[in-house]
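Readers should treat all values here as calculations from the given coordinates under stated rules, not as data from a laboratory. Everything quoted here is computed from the prediction, not taken from an experiment. For neighbour counting, all protein chains shown are included, and Cβ atoms are generated from backbone atoms with ideal geometry for every residue, glycine included.
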Amino acid sequence: MKIRILDSASQDLVDGFHFYDKQESGLGDYFIDSLFSDIDSLQIYAGIHPTFFDKYYRMLAKRFPFAVYYQIVGDKILVYAVLDCRRNPAWVREKLEPS
């Protein structure tokens, strides 16, 4: 299967990078490397994660408090969002299901 990171998820990764790089120089790079490793693992583990909002699988990142929301469409894995788990659940719902 091919993994496609949508623009919204790419922006989430950039935002996370900037947040962690402000905390400590180089931590943003570690964040990106860790999250890409987690996303790459979807090649093997896509579809085993619990579903949320009736349409997204949610994989929790291993080293950071982030969740990767994705769908499987045919032979593609579409990553819709990479969100901070410390955010308000209502914000997460709004981000994934805009009105």
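Which option, [x] 58; [y] 54; [z] 50, is the value of percent of Cα pairs over 16 Å apart that was calculated from these coordinates?
[y]
Summing +1 for each Lys or Arg and -1 for each Asp or Glu, what net charge is found among the other residues whose Cβ lies under 14 Å from the Cβ of PHE52?
+2
Under a point spin-label approximation (7 Å from Cα along Cα-to-Cβ), what is the ARG86-ILE48 distance to one decimal in nm?
Using points 7 Å along Cα→Cβ, the separation is 2.9 nm.
Placing +1 at every Lys and Arg Cβ and -1 at every Asp and Glu Cβ, with all other atoms neutral, what dipole size does the chain have around its Cα centre, in debye to the nearest 20? The partial results should precede the final answer.
Working: 12 positive and 14 negative charges, 62 e Å.
The dipole magnitude comes to about 300 debye.
Would you pull out the residues with amide H under 5 Å of ILE77's amide H, same chain only if 5 or more places away, H placed 1.01 Å from N?
LYS2, ILE3, ARG4
Could you pull out every residue, at least 5 positions away or on a different chain, whose amide H is within less than 5 Å of the one on PHE66? Hs are placed 1.01 Å off N in the peptide plane, and Pro or chain starts have none.
Placed amide hydrogens put ALA61, CYS85 under 5 Å from PHE66.
I need to check one value: relative contact order of the stretch 2-96, counting alpha carbon pairs closer than 8 Å and at least 6 residues apart, in percent.
30 percent
Please turn the phi angles of the stretch 38-44 into ³J(HN,Hα) values with the Karplus equation 6.51 cos²θ - 1.76 cosθ + 1.60 (θ = phi - 60°), one per residue in order, whole Hz, x for glycine and proline.
The phi angles translate into 4, 5, 4, 5, 5, 3, 9 Hz.
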